[in-house]
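To start, the structure under review is shown below, and the notes come after it.
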């Protein structure tokens, strides 16, 4: 029987894991262990529901409800002096719980502290744009939509940013294969030659590591030279050691294999 | 409406049937001053830009996707291809993020060598910036001079790791090699000449009438705008914010060396130019201090953490368990603990951040690359309107964007 492979997550998986192996955890410390962070957390807690909060690797992580994202970030920016939004993206948990985890990485230059505000949203659930607070979110949210298909409400120019506008699928989802899906294989064929040329051309080979040993047009065969484009499924023809260019090579008058000596002894 | 589905000429530059005088100019992606693959759609009233849409993605290779399908050590050389003008700084950002995740302590000699590489890369990047920006503006001599010095540094890096552009010279847990015998002597020779070289560039440019006309009061970024757009590095410092991660959140041995952070409150192209020039001097100053520090260290180069890092060559070749561990780490990869980390370092372009979410497997569950150039390109949307077409070239020049990093 063929081994079952989950379709919801097609990313590379380790092929062997010790069955007694338990993954260790990166240490989390309580927010109370840092004075600045506990003040910030108290200010957020005063107005909004905080689902979880801890410090991990010197940065505070705060989980909030997705509906509060704009207001919490506004509070962090205006009252808590987190004046820069370094990064914003999503994490795909669709296979496990059908949700995206959105994180907002923020920096306070006066306090020299970084916090990460996080929330969960369902697959089709929109999230409010924070572009009005940080212009940097303009491009990050476009990238998040492009890569994950997260719907962002209230964005001034919601358009794909890295992929072409007419691309189908969202590449960073776990369901999207590394070499691209069916639509990706036909994208350039359709675009350049039209759909009717599909039968003639065939899908694009997107596995960059694929080597066809019978392909004498695209792959050189060092030491087993055959004429360009020769069909060799039934074995290679004996090819004399000679230049294969039509009309010879510039500056070289003649070259005969029989008259030349092949050096086998390096120290000759 | 034209059918855009085929490669027939599609005249997007020309908007027909319009009542106003607006012209839409398509700038790039194959434009010599587009620094790679930037496409700008510029709405023009006469020569003045009224609206700008940067279009990126022409160099998108899906590095974050690749990272999810690679073991950690496998991904490290891929980071070279982000900011390929200063590849070691990307290697370092990634290595540091993984080290924070693993909670590793790197030996002191490795730290010194890493800092030497980082500062050499910063100098290479700034020299390259100066050369290309000057060339864009028409100062051919500066281009040749700056490339001469950069060539020397590339030879130096080549002596260390064998590569000139994509170095992969830093490993998770340390550095793979000690410095070559001639490295320090060559570096000293370079550092002796550098101040005079920088003075040469400044003599050529500082009071040059053309340079001033193209740079002064062009592309002014206010402090609020820089903060809001997530600008970092020289872009932010030229807009009046004194923020350098090396100083504020010191990593490696940056808290043990003396250096100043150049700041300007002007925010225009000229301010950024001055900040870059001063940063070169400061990098040279750091390198000067690193040379005696190097001699005070003991020769360990890699952290000792058998669960995550392969042993030394000697151990692997002589001890059975070390060989087994090495085999497992190479074929399966290290498995960091479950958790997440965001680590920012000061790359030559700005804040280079790596967000890693590990679920305890040999592949990162999610890896987000925070490349400074991404936002430095985005800011063109707000920065270009009001400027004229020739300013576009000098503004793109001083934002110092690299498209390996923007598109990732």
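The values are calculated or read from the model by the stated rules, or taken from the named source; none is laboratory data. Bear in mind the structure is a predicted one, so any value in this text is a computation, not a measurement. Don't worry about glycine lacking a Cβ; one is built from the backbone with ideal geometry, like all the others, and counts go over all protein chains shown.
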State the number of residues belonging to the range B:368-391 that are within 13 Å of chain A (Cβ to nearest Cβ) and assigned to a helix (DSSP H, G or I). 11
If residue A:153 satisfies all but one of (1) surrounded by fewer than 13 Cβ atoms within 10 Å (Cβ to Cβ); (2) out of contact with any strand residue (DSSP E or B) (no Cβ under 9 Å at 6 or more places or on another chain), what's the number of the condition it fails? (2)
Can you spot a residue in the range B:316-335 that is surrounded by fewer than 20 Cβ atoms within 10 Å (Cβ to Cβ), closer than 30 Å to residue B:405 by Cα and more than 13 Å from every other protein chain (Cβ to nearest Cβ)? yes
Of the residues B:154, B:116, which single one is under 18 Å from the mean Cα position of the chain (by Cα) and buried (at least 22 other Cβ atoms within 10 Å of the Cβ)? B:116
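Identify, from the list A:88, A:133, the residue that is surrounded by 22 or more Cβ atoms within 10 Å (Cβ to Cβ), modelled with pLDDT of 90 or more and at the interface with another protein chain (Cβ under 10 Å from one of its Cβ atoms).
From the options A:88, A:133, the qualifying one is A:88.
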Looking at residue A:167, is it within 30 Å of residue B:53 (Cβ to Cβ) and in contact with a helix residue (DSSP H, G or I) (Cβ under 6 Å, 6 or more places away or on another chain)? no
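Among the listed residues B:44, B:38, which satisfies the condition of being more than 14 Å from chain A (Cβ to nearest Cβ), within 25 Å of residue B:393 (Cα to Cα) and at pLDDT 55 or above?
One residue alone meets the criteria, B:44.
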With the condition kept exactly as written, say whether any residue in the range B:247-262 is in contact with a strand residue (DSSP E or B) (Cβ under 8 Å, 6 or more places away or on another chain) and away from chain A (no Cβ under 11 Å). yes
I'm checking my understanding of the structure. Among residues of the range B:69-103 that are outside any helix (DSSP H, G or I) and out of contact with any helix residue (DSSP H, G or I) (no Cβ under 8 Å at 6 or more places or on another chain), which one is surrounded by the most Cβ atoms within 10 Å (Cβ to Cβ)? B:71
Need the failing condition index for residue A:26 against (1) modelled with pLDDT of 90 or more; (2) within 14 Å of chain B (Cβ to nearest Cβ); (3) surrounded by fewer than 14 Cβ atoms within 10 Å (Cβ to Cβ), just the number. (3)
If a residue has to be more than 9 Å from chain B (Cβ to nearest Cβ) and surrounded by 15 or more Cβ atoms within 10 Å (Cβ to Cβ) to count, how many in the range A:181-193 make the cut? 6
Inside the range A:71-91, the number of residues satisfying the requirement of being out of contact with any helix residue (DSSP H, G or I) (no Cβ under 6 Å at 6 or more places or on another chain) and closer than 20 Å to residue B:353 by Cβ is 7
Give A:52, A:34 a once-over and let me know the one that is touching a strand residue (DSSP E or B) at 6+ places or on another chain (Cβ under 8 Å), away from every other protein chain (no Cβ under 11 Å), surrounded by fewer than 12 Cβ atoms within 10 Å (Cβ to Cβ) and under 27 Å from residue B:103 (Cβ atoms). A:52
Residue that is at pLDDT 90 or above, more than 10 Å from chain A (Cβ to nearest Cβ), buried (at least 24 other Cβ atoms within 10 Å of the Cβ) and under 16 Å from the mean Cα position of the chain (by Cα), where the choices are B:346, B:351: B:346
In the range A:164-173, which residues are facing chain B (nearest Cβ under 9 Å) and buried (at least 19 other Cβ atoms within 10 Å of the Cβ)? A:171, A:172
Can you find a residue that is surrounded by 22 or more Cβ atoms within 10 Å (Cβ to Cβ), touching a strand residue (DSSP E or B) at 6+ places or on another chain (Cβ under 7 Å) and either part of a strand (DSSP E or B) or touching a residue at least 12 places away in the same chain (Cβ under 8 Å) (or both) anywhere in the range B:392-404? yes
Can you tell me how many residues in the range B:283-298 are in contact with a helix residue (DSSP H, G or I) (Cβ under 6 Å, 6 or more places away or on another chain) and not in a helix (DSSP H, G or I)? 1
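Could you list, in sequence order, the residues of the range B:175-231 that are within 30 Å of residue A:85 (Cβ to Cβ), assigned to a helix (DSSP H, G or I) and either in contact with a helix residue (DSSP H, G or I) (Cβ under 9 Å, 6 or more places away or on another chain) or touching a residue at least 60 places away in the same chain (Cβ under 8 Å) (or both)?
Applying the first criterion (within 30 Å of residue A:85 (Cβ to Cβ)) to the range B:175-231 yields B:215, B:217-231.
Cutting the leftovers down to assigned to a helix (DSSP H, G or I) gives us B:215, B:223-228.
Answer for the range B:175-231, where residues must be within 30 Å of residue A:85 (Cβ to Cβ), assigned to a helix (DSSP H, G or I) and either in contact with a helix residue (DSSP H, G or I) (Cβ under 9 Å, 6 or more places away or on another chain) or touching a residue at least 60 places away in the same chain (Cβ under 8 Å) (or both): B:215, B:223, B:225, B:226, B:227, B:228.
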